[in-house]
Structure formats: C-alpha cells, structure tokens
Amino acid sequence: QHLAILRDKGILASRKDANRVYYRVGDHRTLRLISMMKELFCEPE
C-alpha cells in the first residue's frame, strides 16, 4: 500500500517483470533530497 501511494504521487516508478515488480526513484528531485540528507547526516564512507 505504501509503495502504491509513492508510485501514484510520482515519487517512485515501477516496472513489472513476470510476477515481480521493480521500483526505482522516479523523480530527480527526490534523488537530490536523499543525496543532501546523506551528506548532512551520514558519516563519510
């Protein structure tokens, strides 16, 4: 249910392959946000 909401809002994109569904981040702004949060809150690798 959560994935469907994110997909419907355009945050995630999905593709179906046989009986599996693969999800990816569908909005470049979301990727930028994740990158900024990682930079601010995670220790360098």
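The values are calculated or read from the model by the stated rules, or taken from the named source; none is laboratory data. Note that the coordinates shown come from a computational prediction; the quantities given were computed from them, not determined experimentally. Glycine also receives a Cβ, built like all others from the backbone with ideal geometry; neighbour counts cover every protein chain displayed.
So the check is Cβ under 8 Å with 6+ separation or different chains; which pairs have a first residue in the range 23-40 that's touching a residue at least 12 places away in the same chain (Cβ under 8 Å) and exposed (fewer than 10 other Cβ atoms within 10 Å of the Cβ) and a second one that's of a type in the set (Gly, Ala, Ser) and not in a helix (DSSP H, G or I)? That search, which allows pairs on different chains as well, returns 24/13; 24/14.
Taking the range 13-22 as the search range and keeping residues that are loosely packed, with under 10 Cβ neighbours inside 10 Å and not acidic (Asp, Glu), which one is farthest from residue 3 (Cα to Cα)?
As a first pass, look at the range 13-22 and keep what is loosely packed, with under 10 Cβ neighbours inside 10 Å: 15-20, 22.
When the remaining residues are screened for being not acidic (Asp, Glu), the result is 15-16, 18-20, 22.
Details: 15: 13, 16: 14, 18: 18, 19: 16, 20: 14, 22: 11 Å.
Selected residue: 18.
Can you find a residue in the range 13-23 that is of a type in the set (Phe, Trp, Tyr) and either at pLDDT below 95 or outside any helix (DSSP H, G or I) (or both)?
Yes, the range 13-23 contains a residue that is of a type in the set (Phe, Trp, Tyr) and either at pLDDT below 95 or outside any helix (DSSP H, G or I) (or both).
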